[in-house]
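Taken together, the values in this text are just the output of simple stated rules run on the coordinates, not laboratory data. From a predicted model like this one, the values you see are computed outputs, not experimental measurements. Cβ placement follows ideal geometry from the backbone for every residue including glycine, while neighbour counts extend to all protein chains displayed.
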Amino acid sequence: MTTEQKQLVKATVPVLREHGVVLTSHFYKRMFLHNPELKHVFNMGNQKNQKQQTALAMAVLAYAEHIEDPSVLLPVVDSIGHKHTSLDIRPEQYAIVGRHLIASIQEVLGEAATPELVEAWTIAYRQLAALMSGHEQILYDQQTQKIGGWAGWRPFIVRKKVEESSEITSFYLYPSDGGTVADFMPGQYISLRLFLPELNLWQPRQYSLSCAPNGRYYRISVKREAGTTHPDGMISNRLHDFVQEGDVVDLSAPAGSFVLQQDWSVPKVFISGGVGQTPLMAMLEGIAGTNEREAMGRITWIHGCRSEAVHAFKDRLQEIGGSGIPLVTHIFYDEAAEEREGLHKGWVELNPIKSDVLLKEAHYYLCGPAPFIAKHYTFLVEHGVASQCIHFEEFGPASLHLN
């Protein structure tokens with residue numbers, strides 16, 4: 001891109017900051033009208049609640065702000081790349097997206113979309129598409145080079161369904177071809193695809209892997225979304241109500257950049273809300289399965305949910321705690337009959353237990369809704385924890401930019 005073209009793109013930053021969601025909402029409507037087949041790729045629940053439109057608007061804004069040096073966005077590119085490979089996004093689909101994005105800029109901005117501006121954004125998008133698809137090809141190659149690895153969709157059999165609580169059920173997924181499954185980093189997720197008759201669409205959803213790597217199966221632990229007909233909860237509820245042991249589902253290979261840093265001597269603090277504990281449980285099981293216990297740093301497990309009835313993995317947590325690893329637990333129930341050591345009434349609060357939270361050189365892993373993460377991230381930073389030591393993953397498309 002020329003210097004003048006970069007300046008033209010940067011000049012749209014104020015407009016994107018104020019009207020970005022209007023632009024991306026128009027873009028998605030336009031794209032699904034002309035290319036309805038892409039509805040099978042995108043999470044239509046996130047379309048309905050506008051999370052995807054907001055996430056795309058923030059991504060476009062960030063790209064425009066850093067058009068002179070897109071390399072600063074590499075962590076974001078990596079995160080989006082993992083999500084795209086989990087959805088089997090391919091280079092040819094970038095061309096479709098680009099065509100509709102440029103057309104949307106022209107249609108939304110009207111006369112302000114001069115030929116020079118349109119050309120600048122066209123070149124900028126091609127540059128971004130090349131950056132993204134190039135990185136995603138590296139991720140695809142890494143997946144297929146693993147023992148038991150693959151790219152795209154692969155059929156898996158539900159061998160076992162286990163109720164972990166009144167709301168959460170685990171699904172044990174084995175490859176239908178009888179082969180091995182690729183290892184993964186604790187904290188990663190898979191995409192699962194089902195056909196939704198209500199929408200007449202195939203729909204993918206991401207679910208964190210809730211077990212340590214074992215080479216034989218994957219486990220996901222899914223929360224029932226009570227009383228919803230919203231697309232956001234349709235796949236989760238269909239898994240609970242209609243998918244039975246012996247049924248086949250499609251999975252993509254494990255992906256995700258929210259992973260356990262495997263330096264066993266470093267203290268670790270896990271902080272989760274509700275079903276947000278699932279990737280952290282994979283991390284904890286991974287730690288429990290190592291032979292590094294003599295050098296292992298202290299581990300603090302902090303979890304909040306409504307009540308004991310909805311608290312999944314509480315027995316497994318006790319089992320791991322009794323296995324000899326240096327584990328301290330703090331459980332918060334909104335509805336608790338009593339308080340005792342390690343059991344607290346109310347929402348998760350870190351200040352009363354900060355002696356078990358603020359550990360020297362610790363790394364922190366947070367997972368849950370965006371407000372939950374933002375609250376506890378702020379507490380940690382205000383108490384001197386370096387942002388690079390705080391790792392987090394929120395539910396749904398990324399909306400937090402804390403690091």
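Of all alpha-carbon pairs in the stretch 268-394, indicate the percentage at a distance above 18 angstrom. Here the tail beyond 18 Å accounts for 50 percent of pairs.
What FRET efficiency, computed as 1/(1 + (r/R0)^6) with R0 = 30 Å and r the Cβ-Cβ distance, is obtained for GLU335 and VAL22, rounded to the nearest 0.05? All intermediate terms of the calculation are to be shown ahead of the outcome.
Details: r = 42 Å, r/R0 = 1.39.
Once rounded, the FRET efficiency stands at 0.10.
Treat the stretch 3-145 as a sphere of radius equal to its Kirkwood radius over Cα pairs and apply Stokes-Einstein at 37 °C in a medium of 0.692 mPa s; give the translational diffusion coefficient in µm²/s, rounded to a whole number.
Value of D from the Cα-based Kirkwood radius: 209 µm²/s.
Under 15 Å of direct C-alpha separation, and excluding same-chain neighbours fewer than eight residues apart, LYS354 reaches these aspartates and glutamates: GLU341, GLU382.
Within the chain, all pairs of alpha-carbon atoms sorted by distance into 10 Å bins from zero give the percentages 4, 21, 30, 26, 14, 5, 0.
FRET efficiency for the pair SER265 and TRP347, taken as 1/(1 + (r/R0)^6) with r the Cβ-Cβ distance and R0 = 35 Å, rounds to 0.65. Given the pairs LYS39/LYS161; LYS39/LYS83; LYS51/LYS146, which span a C-alpha to C-alpha distance of over 26 angstrom in this model? As for pairs spanning more than 26 Å Cα to Cα, those are LYS39/LYS161; LYS51/LYS146. Along the stretch 185-193 the Karplus relation, 6.51 cos²θ - 1.76 cosθ + 1.60 evaluated at θ = phi - 60°, assigns HN-Hα couplings of 8, x, x, 6, 10, 10, 9, 10, 10 Hz to successive residues, with x for each Gly and Pro.
Size descriptors for the stretch 112-256, from the alpha-carbon set: Rg then Dmax equal 18.7, 59 Å. Straight-line cross-link partners of LYS345 among the aspartates and glutamates, defined as a Cα under 17 Å from its Cα and at least 8 positions apart when in the same chain: GLU308, ASP334, GLU335. The distance between label points at ALA295 and THR2 comes to 5.8 nm (points 7 Å beyond Cα on the Cα→Cβ vector).
Using Cβ counts within 10 Å as a stand-in for footprinting exposure, how do MET58, MET283, MET1 rank, fewest first?
MET1, MET58, MET283
Residue by residue, the stretch 315-322 carries 3J(HN,Hα) couplings of 5, 5, 5, 5, 4, 5, x, x Hz when phi is fed to the Karplus relation 6.51 cos²θ - 1.76 cosθ + 1.60 (θ = phi - 60°); x denotes Gly or Pro.
By the beta-carbon count within 10 Å of each Cβ, the least crowded to most crowded order of MET234, MET281, fewest first, is MET234, MET281. Highest-first packing order for the peptide set 357-369, 322-334 is 357-369, 322-334, based on the mean count of other beta carbon atoms within 10 Å. Working note: Karplus 6.51/-1.76/1.60 with θ = phi - 60° gives the stretch 169-174 the couplings 10, 9, 10, 9, 10, 10 Hz, where Gly and Pro are set to x.
Peptides 14-21, 82-89 ordered by packing proxy, namely the average of other Cβ atoms within 10 Å per residue, highest first: 82-89, 14-21. On a per residue basis, the convex hull of the C-alpha atoms belonging to the stretch 96-174 measures out at 159 Å³. Bridgeable aspartates and glutamates around LYS268 (alpha carbons under 18 Å apart, same-chain partners fewer than 8 residues away excluded): GLU285, GLU292, GLU294, GLU349, ASP356, GLU361, GLU393. Ranked for footprinting exposure by Cβ neighbours inside 10 Å, fewest first, TYR207, TYR28 give TYR28, TYR207.
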